[in-house]
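Nothing in this text is a laboratory measurement; each read-out follows from the coordinates by a stated rule. These numbers come from a predicted model, not from an experiment. No Cβ is skipped: glycine too gets one built from the backbone with ideal geometry, and neighbour counts run over all protein chains shown.
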Amino acid sequence: MEVKYRADLYANYMLIEIPEYVDIQSYSFKMMEKNRIKGVLPTKTRMEDGRGFLYVDVSNKRNLIDIYQEKEMELEEMTRIFQGLLPVLEELRNFLLTEKMICLDPKYIFEEEENQRYYVVILPWQDEAANFRKLAEFFLEKINHKDEYGVNAAYHFYRQQSQTQFSLYHFMTILEKENIMKRQKKNIPKETKPISIEEWDDNIETEENGEENIQHKEIFKQRRKYFLLLVSILCLGAQFLNHIPIRIKISCLAISILCFIMFFVCLIFDKNKGKEKNENKEVKEEKVSLKKEFEVGETVFFESMEKDEEWKLQWKEHGRKKQIVLKDFPCKVGKMKEEVQIVINDISVSRIHCQFIKKENKIAIVDLNSTNGTYLNGLPLENGEIQEIEKNDEILVGKVKVLVV
């Protein structure tokens, strides 16, 4: 495809010759010329010497070939390029144009120098399936090989782009996962071991039973102490019975003394333990009082926080920040308004994607066989797998990043 560059007083243009068999009066040309499509370079059609040319406005923009001619690419830059391509796919559908028209050669993908946004060229006569091969080879060549996560993403893209069922949205989940793992490289993430619903329920019951066991142990210790005192008194009383042999009396006396010593030791131990509990209680009360003293605004007591703690989800949708309180469990997430409680309008989100469940004060997330997957802190969830969540966790629903706050 022949390409020329031309400049006038108003702009710089890239000239692409239109094949002779193409009708420039077709619907695709009219839509492209009369509408400003997000992420697509402005284009005009002109005739010169009996030949048609596309005049593509590339003012203040450079293509990927020029940008990375003398430097290497990082994972974050690769991610930004794909994030620039995804909105174009959605916009083309709004104008009844097909994604086959996008030219994915790196020399036709441009970056605006001022705001670092990416733009593509669309060719209305192009009617072949999107070919990512040249772009994949470009990433493999330019990626910084010291960036292990960037290399992983580039090889994933190269292997997957030739497959018939390749989806750009599915690949974005891989990119997001690599970005999360790269950010967490210096910080050891919390260990998330997959568990089933039954195991999650058993864990909660075990904790509840643990508290009951502690209470039973305390009662047993109290009873044991007074049992020793009772045995000591009974053995001592045996000394006053005349019909008991002298050897048994001596043995009972020894047992009485031993039980009394053990009772006295338990008494001292419990007393010291009680002091430690009181000291710990005083320290906690002091911390609470300090918190009240220096806290600005409404005071929230720790006990009420544990009982009625509020969980919220935050994410961005079409550039706008959204926040919703988690309640009415089980709480389903997806884009089918009639079937879910939390609606996320994004093409990468399944109709019924995942759900949040709650037992006692614990909340967990479950993947519901979603197409593009659910990730918790960079780790994928299998279909039906339950993972307990905590505050400040990062959840990837399709390609939408959701924060737990």
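Could you derive backbone 3J(HN,Hα) for the stretch 357-368 from the dihedral phi with the Karplus parameters 6.51, -1.76 and 1.60 (θ = phi - 60°), listing whole Hz in sequence and x where the residue is Gly or Pro?
Using θ = phi - 60°, the values come out as 10, 9, 9, 6, 9, 10, 10, 9, 10, 10, 7, 10 Hz.
Pop the C-beta distance of GLU317 and LEU15 into the FRET formula with R0 = 60 Å and round what comes out to the nearest 0.05. Please report the intermediate quantities before stating the final value.
Values: r = 39 Å, r/R0 = 0.65.
About 0.95, to the nearest 0.05.
Based on alpha-carbon centroids, what's the gap between the stretch 21-50 and the stretch 90-108 in Å, whole number please?
Rounded to whole Å, the Cα centres lie 13 Å apart.
Test of the criteria: in the stretch 365-405, which trypsin sites (Lys or Arg not before Pro) are in a DSSP loop and have at most 16 other Cβ atoms within 10 angstrom of their Cβ? Before the final figure, lay out each step's value.
On the way: sites: LYS391, LYS399, LYS401; in loops: LYS391, LYS399.
Sparse-neighbourhood loop trypsin sites (Lys or Arg not before Pro): LYS391.
Give me the net charge for the shell around ARG320: Cβ to Cβ below 15 angstrom, other residues only, Lys and Arg +1, Asp and Glu -1.
On the way: positive: LYS316, LYS321, LYS322, LYS401; negative: GLU317, ASP346.
Its environment carries a net charge of +2.
Filter the GluC sites (Glu not before Pro) in the stretch 1-66 down to the DSSP loop ones having no more than 13 other Cβ atoms within 10 Å, then list what survives.
Values: sites: GLU2, GLU17, GLU20, GLU33, GLU48; in loops: GLU2, GLU20.
In loop regions of the stretch 1-66 (DSSP not H, G, I, E or B), the sparsely surrounded GluC sites (Glu not before Pro) are GLU2, GLU20.
Roughly what would the spin-label model give for ARG159 and ILE257, points 7 Å off Cα along C-beta, in nm?
7.9
Using label points projected 7 Å from each Cα along Cα→Cβ, tell me how many nm separate GLN25 and GLU310, to one decimal.
Computed distance between label sites GLN25 and GLU310 equals 6.3 nm.
Once the piece of chain linking GLU148 and PHE264 is laid out straight, how much longer is it, given 0.36 nm per residue of separation minus the C-alpha distance between them? Don't skip to the answer; put the middle values down first.
Values: separation 116, 0.36 × 116 = 41.76 nm, distance 6.56 nm.
Difference between extended and current length: 35.2 nm.
List the trypsin sites (Lys or Arg not before Pro) in the stretch 1-107 that DSSP assigns to loop (not H, G, I, E or B) and whose Cβ has at most 11 other Cβ atoms within 10 Å. Which are they?
Values: sites: LYS4, ARG6, LYS30, LYS34, ARG36, LYS38, LYS44, ARG46, ARG51, LYS61, ARG62, LYS71, ARG80, ARG93, LYS100, LYS107; in loops: ARG36, LYS38, LYS71.
Taking the stretch 1-107 and a limit of 11 other Cβ atoms within 10 Å, the loop trypsin sites (Lys or Arg not before Pro) found are ARG36, LYS71.
About its Cα centre, how strong a charge dipole does the stretch 85-155 have in debye, to the nearest 20, once Lys and Arg get +1 and Asp and Glu get -1 at the Cβ?
Roughly 180 debye for the stretch 85-155.
Assigning unit charges at the beta carbon (Lys, Arg +1; Asp, Glu -1) and nothing else, what dipole magnitude in debye, to the nearest 20, does the stretch 1-73 show about its Cα centre? Before the final figure, lay out the partial values.
Working: 12 positive and 12 negative charges, 84 e Å.
Charge dipole of the stretch 1-73: 400 debye, to the nearest 20.
Tell me, what is the FRET efficiency for ILE233 and ASP328 to the nearest 0.05, using R0 = 51 angstrom and their Cβ-Cβ distance as r? Write out the running numbers ahead of the final one.
Values: r = 61 Å, r/R0 = 1.20.
Result of the calculation: an efficiency of 0.25.
GLU317's amide H: which non-local residues (gap 5+, or another chain) put their own amide H closer than 5 Å, with H modeled 1.01 Å from N in plane and none for Pro or chain starts?
Under 5 Å from the amide H of GLU317: LYS322.
Find how much the distance from ILE174 to LEU241 grows on full extension, using 0.36 nm per residue of separation minus their present alpha carbon separation; answer in nm with one decimal.
Values: separation 67, 0.36 × 67 = 24.12 nm, distance 8.65 nm.
15.5 nm is the gain from fully extending ILE174 to LEU241.
Counting Lys and Arg as +1 and Asp and Glu as -1, each charge on the Cβ, what is the dipole of the stretch 57-184 about the Cα centre in debye, to the nearest 20? It would help to have the intermediate numbers written out before the result.
Numbers: 16 positive and 23 negative charges, 67 e Å.
I would put it at about 320 debye.
Between TYR5 and ASP57, 0.36 nm times their residue separation minus their Cα-Cα distance comes to what? Display every interim value, and only then the final one.
Details: separation 52, 0.36 × 52 = 18.72 nm, distance 1.00 nm.
Here the answer is 17.7 nm.
Using r as the Cβ-Cβ distance of ILE357 and ASN131, and R0 as 30 Å, what FRET efficiency do you calculate, to the nearest 0.05? Please report the intermediate quantities before stating the final value.
Numbers: r = 44 Å, r/R0 = 1.45.
That pair, ILE357 with ASN131, gives E of 0.10.
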